[in-house]
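Computed from the coordinates by the stated procedures, all read-outs in this text should not be read as laboratory data. Small disclaimer: the values here were computed from a predicted structure and weren't measured. Quick reminder, even Gly has a Cβ in these numbers, built from the backbone with ideal geometry, and neighbours come from all protein chains shown.
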Amino acid sequence: MIEIKNLSKSFVTADGTVDALKNITLSIIDGEIYGIIGMSGAGKSTLVRCINMLEKPTQGNILIDGKDMGGLSTKELRAQRRNITMIFQGFNLLMQRNCLKNVLFPLELAGGKGEKAKQKARELLKVVGLADKEKTYPAQLSGGQKQRVAIARALATNPRVLLCDEATSALDPQTTHSILSLIKDINKKLGITVIIITHQMSVVEEICDKVAILDNGEVVESGKVSDIFSSPKSKAAKNLVFPESEQSILPREENEHHIRVVFNGAVATKTPFIASLAKDKGIVASILGASTKSIGDKAYGNMLLGITADETRIKEAIDYLSKFDDIFVEEVE
Amino acid sequence: MFDSETFQNAWEIIKTEIPLAIWETFYVTVLSTFFAIIIGLPLGILIVAGDKGRILKISKPVLRVIDVIINLLRSVPFLILMIVVFPLTRLIVGTVVGTAASVVPLVIAAFPFVARLVESSLREIDPNIIETAQSMGATPFQIIIKVMIPESVPSLISNATIAITTVLGYSAMSGIIGGGGLGKLAINYGYYRYQYLVMFFAVLFLILLVQLFQSLGTFLAKKSDKRLKQN
């Protein structure tokens, strides 16, 4: 269990003090995949660096299994860091070491040597699917392969927590997907708690159980990913979940209302609800924007509808659509 | 311009003295560079590792003193430095003239230069890699030994090559205080006795030595660099 309690971090710069993190409180349960999402400059990286004390918090505590990270001696902190490892956007592999030796690196730091350590490193390369790249140097690998080596390296000391700092931000969508499945796999098989820092909603959507939305150094919303996706409350969350529709893209005509329909696992592929709205209620809607995807026969995502009618008819339409299961409807001002 | 007698004379000198002179220049250069690295490498490491307390906690005044000493020694012209360090040379070698004695001022002149070269090599390392090592619980000593130095080996070799060719140039100057080698040959025969042919050959071999060190250095630097796509 990771508890972040009233964490604040300020930096003193030439232009004065910058409050990067303001009074953050979060709990992350063992075995969870926890996403921390926010725009650039929201303080995500600072937050994750506070967890392993690469940044010393100005105020507040980080408790890991009840133990305060801030209260550890230098030596204890080094030992604890083997328990909370990290992967990065830039991979940060040692360029003059081959893959096997990169994976061996944290073991060497911990005093592990010889055949046993090598055996362990080989196993990990196998886990990440790079058993044949032992002797290859990082310069000869693709971005996705580099991140795989970094993951193997992060697992070498049998950590309980894996911190991912924008780990997929430098990768193309397909590679991102394969790295995320690898992380999910590791989380399941080894029970490692994973904390994912990202600015990509798709990453959170794909693997996180819970998410905290960070805006301007503050947690504005946190909870289950499905809850926040279906009804984001804060402005920052809405911006992230519905990036395109927050400020109305299209000029509205008189009496035109915008209605957002959010699918959260609705069996919508078999329900032509726009057509039935027209048929049953005589209300015609046009699709102004949509970002949905089907997983199995279920739909996830959201759609923005434009309906030109008076208030009562709009209300009727909203009530009608709300009756479908797992569909959430609201009017957008 | 050359009658056959002067030519004969010069050829005699070249044949008898050049091999020894080459050897003297070679060993003075290599030895001085070696000692300069022994002193300069740790200083360069301290400067980078101590910078803003990122890796090692070194007090600011100490770093400042190192910095000033390096700048000071680097600003003194080598010719003057040779004379200024006479007392130290006498203390270490027992005499101030001769080939062995020339090693002392060469080391004094070269180590600050080496320290700066090491500093520039180490600063090339991506700070994220150092942060990564810290995130894995590396001690400052492990960061220096296992990350900073190994990661900058190609650059360190390139810079060592620059150092050795510079020391070679300086060593030629030490002919003035009786340091042996090609420099002495060029000055004594060429300049003082107008044996231009001897001077020409001495300079030619200096050029060849520089070429040799440079080619070897470039080859090793390239070969050691695993960032280049080669096998």
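Miscellaneous remarks
- Folded to 0 to 90 degrees: helix A:173-190 orientation relative to chain A principal axis, Cα: 60
- Under 5 Å, built H, 5+ apart or other chain: amide partners of residue A:218: A:22
- For the stretch A:97-150, projected area of the alpha-carbon convex hull averaged over all directions, nm²: 3.3
- For the stretch B:65-113 and the stretch A:35-52, distance of Cα centres in Å: 52
- Within straight-line reach of residue A:279, meaning a Cα separation under 18 Å, sit the following lysines at least 8 residues removed in sequence or on another chain: A:270, A:315, A:323.
- Overall, the ratio between the Cα radius of gyration of the protein assembly as shown and 2.2 N^0.38 Å, rounded to two decimals, is 1.40.
- For the peptide A:137-147, the mean number of other protein chain Cβ atoms found within 10 angstrom of a residue's Cβ is 2.
- Scattering curve values for the stretch A:1-140, log₁₀ I(q)/I(0), Debye with Cα scatterers, q = 0.10, 0.12, 0.15 Å⁻¹: -0.46, -0.65, -0.92
- Members of A:133/B:226; A:44/A:189; A:5/A:75 lying beyond 19 Å, as alpha-carbon distances in this model show: A:44/A:189; A:5/A:75
- Looking at the stretch B:1-51, the chymotrypsin sites (Phe, Trp or Tyr not before Pro) that sit in a DSSP loop and have at most 13 other Cβ atoms within 10 Å of their own Cβ are B:2.
- P(r) for the stretch B:1-115, from all Cα pairs and a bin width of 10 Å, is 13, 30, 25, 18, 8, 4, 2 %, short bins first.
- Spread of Cα-to-Cα distances over 10 Å intervals beginning at zero, given as percent, for chain A: 5, 22, 27, 21, 14, 7, 3, 0
- Rounded to the nearest 10 degrees, the angle from helix A:311-322 to the longest Cα principal axis of chain A is 50 degrees.
- 21 Å Cα-Cα threshold exceeded, pairs from A:184/A:210; A:22/B:60; A:126/A:146: A:22/B:60
- DSSP H segments from chain B that extend 15 Å or more along their own axis, Cα-based, with Kyte-Doolittle mean of -1.0 or above: B:4-50, B:60-75, B:99-123, B:153-173, B:196-224
- Distance histogram for the stretch B:86-231 (every C-alpha pair counted, 10 angstrom bins, percent rounded to whole numbers): 11, 27, 27, 20, 11, 4, 1
- The translational diffusion coefficient of the stretch B:52-146, from Stokes-Einstein at 10 °C and 1.306 mPa s with a Kirkwood hydrodynamic radius over alpha carbon pairs, comes to 99 µm²/s.
- Of the trypsin sites (Lys or Arg not before Pro) in the stretch A:261-333, those whose Cβ has at most 16 other Cβ within 10 Å and which sit in DSSP loop: A:270, A:323
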